[in-house]
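Take a look at the structure below.
The values are calculated or read from the model by the stated rules, or taken from the named source; none is laboratory data. Nothing here was measured: the structure is a model prediction, and the numbers come from that model. Here Cβ is always computed from backbone atoms with ideal geometry, including for glycine, and neighbour counts include all displayed protein chains.
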Amino acid sequence: MPAKPLDVTLELAPQARFEVVELRSRFKDEHDALRDYDQCLYWSAHTTAGFLDRSLAQRLSPTGVPTYVEAFRHIFPEGAGYEHDQLDRREDLDAEQRAVEPRNADSHLAFIAGGLRSCVTHPNRSDEPVCFVELDGVSEGRARRRLARVIGFNREIVVARARIQVPVSSHHIDSINLKDPRLGITEQLTELVERSGVHRGRIRLSLTEAERHSGLTVNEFETLLMRHDLAEVLKNPLRFAAEKSRHMLANPFAVPGKALGYAKYDFVRVLNSGLDSLGLRGSMVEKVLARTLAVPAARFFRMRRSVSLLVAERPDGSTGLIEGTYQSPILVQWQQAPREVRTLDVTITQLG
């Protein structure tokens, strides 16, 4: 049995804006190097590319994952008038960044609503697929560079626990950047990691059992995306699908016939037709989608009640919390918290 976990970096070159990559077959040599480990932790550095929770991925199977994600791409069509995509209003961008920044609000929203994760674990079984879901792999004809890590390990041991209070506003719909320095949460987590002596592991943030009408995700906390686009979705889950349909009907010669046909029918009929054509009527895919797409937002969103953050070695050789450039843990609520505070349980584990 290997003495310590093995950490491997994977680099992917997307072939399309949306694709599902099975990592075991794509990176066979890397997984062969991990064959002596019982478990694998997978981590994505991105906010528009990641993994489905293992339990959901197993229920869908590799053939069902693209259909499941495609449903959210219909709900959040590309170019449906998102505030995030109005680059001239983005105060976080300078002129040079605006020239290359992708208009990808639809990909962020599909990631959040579809319950994609940046960090998951899988048993290390050669017959169990691991799907990397790419939602924004090609922008204006240019493939984006995608990085992921896989860590082989044999056991995961809890080394520290804590409870954190997160202040929220009195608004029914709100999103809170847990990396906001004013909250001091990052400092608390860093201190816990340092005290615990973890070199490779993860931090699990979970809403307590008493918390309702709220969820957690890891994504980009950009003001227009969070305060406007996400808020609109929480009020009306099909708002952007309807917006795209109205635009296409107003400009019938500007879109292909197939897209115009979509605009003439409501989303449910389109989804049912797609399930029929793929032979998925009555399948687990349809059952999962039926539960996922039910309103209100609490049922529509597959946003999770917990997220995992990676603790590992950094490029400079130090160890600590690992985050992609734009990644932030985010708490979202769609009903007011009774005391304007939400409570999170923190669990830190060591991989061995």
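Results, tabulated for the structure shown:
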{"quantity": "Of all residues in segment 65-109 being part of a loop (DSSP other than H, G, I, E, B) and among the polar types (S, T, N, Q), the one that is nearest to Pro237 (Cα to Cα)", "calculated": "Asn104"}
{"quantity": "Pair list, Cβ < 7 Å and 6+ apart or interchain, from segment 71-99 residues that are touching a residue at least 60 places away in the same chain (Cβ under 8 Å) and more than 20 Å from Leu116 (Cα to Cα) to residues that are part of a loop (DSSP other than H, G, I, E, B) and acidic (Asp, Glu)", "calculated": "Asp92/Glu222"}
{"quantity": "Residue in segment 32-50 that is within 28 Å of Ser328 (Cβ to Cβ), acidic (Asp, Glu) and surrounded by fewer than 20 Cβ atoms within 10 Å (Cβ to Cβ) present", "calculated": "no"}
{"quantity": "Selection status of Pro62, more than 30 Å from Thr319 (Cα to Cα) and part of a helix (DSSP H, G or I)", "calculated": "yes"}
{"quantity": "Tally of residues being surrounded by fewer than 19 Cβ atoms within 10 Å (Cβ to Cβ), farther than 15 Å from Ser318 by Cα and not polar (S, T, N, Q) across segment 174-191", "calculated": "7"}
{"quantity": "Within segment 126-144, tally of residues that are part of a loop (DSSP other than H, G, I, E, B) and either among the charged types (D, E, K, R) or surrounded by 19 or more Cβ atoms within 10 Å (Cβ to Cβ) (or both)", "calculated": "8"}
{"quantity": "Test: residue in segment 78-92 that is hydroxyl-bearing (Ser, Thr, Tyr) and either touching a strand residue (DSSP E or B) at 6+ places or on another chain (Cβ under 6 Å) or surrounded by 23 or more Cβ atoms within 10 Å (Cβ to Cβ) (or both)", "calculated": "yes"}
{"quantity": "Conditions (1) part of a strand (DSSP E or B); (2) over 20 Å from Phe72 (Cβ atoms): number failed by Val120", "calculated": "(2)"}
{"quantity": "Among (1) in contact with a strand residue (DSSP E or B) (Cβ under 9 Å, 6 or more places away or on another chain); (2) free of Cβ contacts under 8 Å to residues at least 40 places away in the same chain; (3) loosely packed, with under 15 Cβ neighbours inside 10 Å; (4) of a type outside the set (A, V, I, L, M), the one test that Pro123 misses", "calculated": "(2)"}
{"quantity": "Matching residues in segment 17-31 - criterion: being in a strand (DSSP E or B) and either surrounded by 23 or more Cβ atoms within 10 Å (Cβ to Cβ) or touching an Asp or Glu at 6+ places or on another chain (Cβ under 9 Å) (or both)", "calculated": "Glu19, Val20, Val21"}
{"quantity": "Which listed residue, of Gly152, Gly115, is outside any helix (DSSP H, G or I) and within 22 Å of Leu224 (Cα to Cα)", "calculated": "Gly115"}
{"quantity": "Qualifying residues in segment 202-238 (those that are crowded, with 18+ Cβ neighbours inside 10 Å and of a type in the set (Lys, Arg)) - the one farthest from the chain's Cα centre (by Cα)", "calculated": "Arg202"}
{"quantity": "Every pair of residues 6+ apart whose Cβ atoms lie under 6 Å, when the first sits in segment 339-352 and is at negative phi while the second is aromatic (Phe, Trp, Tyr)", "calculated": "Leu351/Phe153"}
{"quantity": "Extreme residue, surrounded by the fewest Cβ atoms within 10 Å (Cβ to Cβ), among residues of segment 145-173 that are of a type in the set (Gly, Ala, Ser) and within 30 Å of Lys4 (Cβ to Cβ)", "calculated": "Ala162"}
{"quantity": "Helices (runs of 4 or more DSSP H) wholly inside segment 195-270 that include at least 1 residues being modelled with pLDDT under 50 and aromatic (Phe, Trp, Tyr)", "calculated": "257-263"}
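For (1) of a type in the set (Asp, Glu); (2) at pLDDT 55 or above; (3) not in a loop (DSSP other than H, G, I, E, B), each residue gets a yes or a no:
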| position | (1), (2), (3) |
| --- | --- |
| Gly279 | no, no, no |
| Gly282 | no, yes, no |
| Val285 | no, yes, yes |
| Ala294 | no, no, no |
| Ala298 | no, no, yes |
| Leu309 | no, yes, yes |
| Leu321 | no, yes, yes |
| Pro329 | no, yes, yes |
| Gln335 | no, yes, no |
